[in-house]
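K.L.:
After the C-alpha cells below, expect a handful of questions from me.
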Amino acid sequence: MRSLKDFPFINLKFLKKAIIVCHRRADVDAFASAYSLTYLLRKLKKGLTVKVGIPEDLNLQAKKLSQNYKVSIANKDYITLSDLIIIVDTGHSSLLEDWLEEIKKSKAYKIFIDHHPLNETVSNLADKIIVNEDATSTTEIIYKIFELKKIKPSRKVSEMLMAGILYDTQFLTIASPLAIKAVAKLCTPKSLDKVRNLLKIEKDYSEVIAKLKGAQRMKVYKVGDWIFAYTEIGSFHASVARALINLGADLSLVLGEVNGEIRGSLRSTPF
C-alpha cells in the first residue's frame, strides 16, 4: 500500500489527458471507482482532462447512479489521445471487449487497479498493477489512495466510494476491515440512507425470470464441506450467480452463450 503514495506513478507535468476504463457492463464498484478517480486526478493536476470509458454500457444499478453522478463519457477513440489509461475492476483483458486492441496499441502509461487476482493477459498489458486481494471492492483501494495522497473526497465522491463498497460487500455482509473503516469515515446519517436508496432498483422482470430459470436448471455438487452450484443461462450471469449464493451455495458458476462466445460469472461466499 505504501507505493500508492506515488500514484499515478508518472510525471504530472506532462500529463494532459487521461481515461479511466471500466469492464463491460460495468457494475457499481467499477463505475464508482472511475467516478472517484476522475475527481482525484483533477485534484492532482489542475486543468487535466479526464474521461470515463464504458464498454457495453453500465448495469442497471450503475446506470441509475450515473443519472445522479455525472462524468464525461468517452468512446474508445479517446484512448489514442490519452497520456494515461487507468483500468479499474477488470481482472481479464477480454472484459474490455473491442477496446482492448486500442489499449494495446496505445503508448500511454497503463495502470490496472483491482481487488481480484489478475489474469496474465492483464499482467502483459500493464505498466503498473495495483491489486489488493484482501479488499472486498476496488473502491476500497481508491479510497486508500485518497487517504495516502491526503486529498479529501467531495460529498458526491464520498457517496460514490461508499456506494461501490456497499454494492460489492453486499451491504457490508462480507466486508473487509478496510471497507468498514472506509464507510465509517465516508458516511453521514443522511448520506448512508441516500446511498442505500440509490442502490435499490425495481425488480426487472427479465432478470427475475433469469434467476428462476437458473435455479430450475441448477446442478449441485458437494466437494468436501463445500456446496458448488452450476447452471446455464443466456443473460444476467452475475445476478444469477449471486442468487445461487443467496440460496445457500458456497460457490456458484453461471455460463451462457452471448453473441457467439461463452460468458459467465463465478461467485463464492467469503469462507
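K.L.:
Please work out the FRET efficiency for the pair E207 and I129, using the Cβ-Cβ distance as r and a Förster radius of 41 Å; give the result to the nearest 0.05.
P.N.:
Between E207 and I129 the formula returns 0.80.
K.L.:
Still on this structure: What's the long-distance tail for region 136-246, i.e. % of Cα pairs beyond 16 Å?
P.N.:
Numbers: 4000 of 6105 pairs.
The answer is 66 percent, as a whole percent.
K.L.:
Over the chain, what number does the Rg to Rh ratio reach, with both radii from the alpha-carbon atoms and Rh per Kirkwood? Could you put the intermediate results ahead of the total?
P.N.:
Values: Rg = 18.5 Å, Rh = 19.2 Å.
For the chain, the value is 0.96.
K.L.:
Kindly provide the helix-only [θ] at 222 nm of the chain, computed as the sum of -39,500 (n - 2.57) over DSSP H runs of four or more divided by all residues, to the nearest 500 deg cm²/dmol?
P.N.:
-11500 deg cm²/dmol
K.L.:
Going Cα to Cα from K63, which lysines come in below 17 Å? Please leave out same-chain ones fewer than 8 positions away.
P.N.:
Cross-link targets: K51, K156, K194, K200, K203.
K.L.:
Where nothing but the Cβ of Lys and Arg (+1) and of Asp and Glu (-1) is charged, how large is the charge dipole of the chain around its Cα centre, in debye to the nearest 20?
P.N.:
With only Lys, Arg, Asp and Glu charged at Cβ, the dipole is about 1360 debye.
K.L.:
For the ranges 223-236, 10-23, what's the packing order if you count other beta-carbon atoms within 10 Å of each residue, average per peptide, and put the highest first?
P.N.:
Answer by packing, highest mean first, reads 10-23, 223-236.
K.L.:
With the dipole of region 138-260 worked out from charges on the C-beta (+1 for Lys and Arg, -1 for Asp and Glu) around the Cα centre, which of L244, I151, G256 lies farthest toward the positive end?
P.N.:
Farthest towards the positive end: I151.
K.L.:
Would you look at the GNM of the chain, springs on alpha carbons closer than 10 Å, and say which of P177, P189, P153 moves the most?
P.N.:
Its mean-square fluctuation being the largest, the pick is P189.
K.L.:
Could you tell me the calculated FRET efficiency between N259 and I180, based on Cβ-Cβ distance and R0 = 45 angstrom, to the nearest 0.05? Please report the intermediate quantities before stating the final value.
P.N.:
Numbers: r = 39 Å, r/R0 = 0.88.
It comes to 0.70.
K.L.:
Moving to a separate point now. Using R₀ = 35 Å, calculate the FRET efficiency as 1/(1 + (r/R₀)^6) where r is the Cβ-Cβ separation of K13 and T188; round to 0.05. All intermediate terms of the calculation are to be shown ahead of the outcome.
P.N.:
Numbers: r = 37 Å, r/R0 = 1.06.
About 0.40, to the nearest 0.05.
K.L.:
Roughly how much of E120 is accessible, in Å² to the nearest 10, using a 1.4 Å probe?
P.N.:
For E120, solvent-accessible area is about 130 Å².
K.L.:
Now for a separate question. Write down the percent of antiparallel bridges among all DSSP beta bridges whose residues are both part of the chain, to the nearest 5.
P.N.:
So the antiparallel bridges amount to about 35 percent of the total.
The values are calculated or read from the model by the stated rules, or taken from the named source; none is laboratory data. Please read all numbers here as calculations on a predicted model, not as lab measurements. For neighbour counting, all protein chains shown are included, and Cβ atoms are generated from backbone atoms with ideal geometry for every residue, glycine included. These area figures cover heavy atoms from the full protein model, side chains too; ligands, DNA and RNA do not enter into them. Shrake-Rupley method; radii C 1.70, N 1.55, O 1.52, S 1.80 Å.
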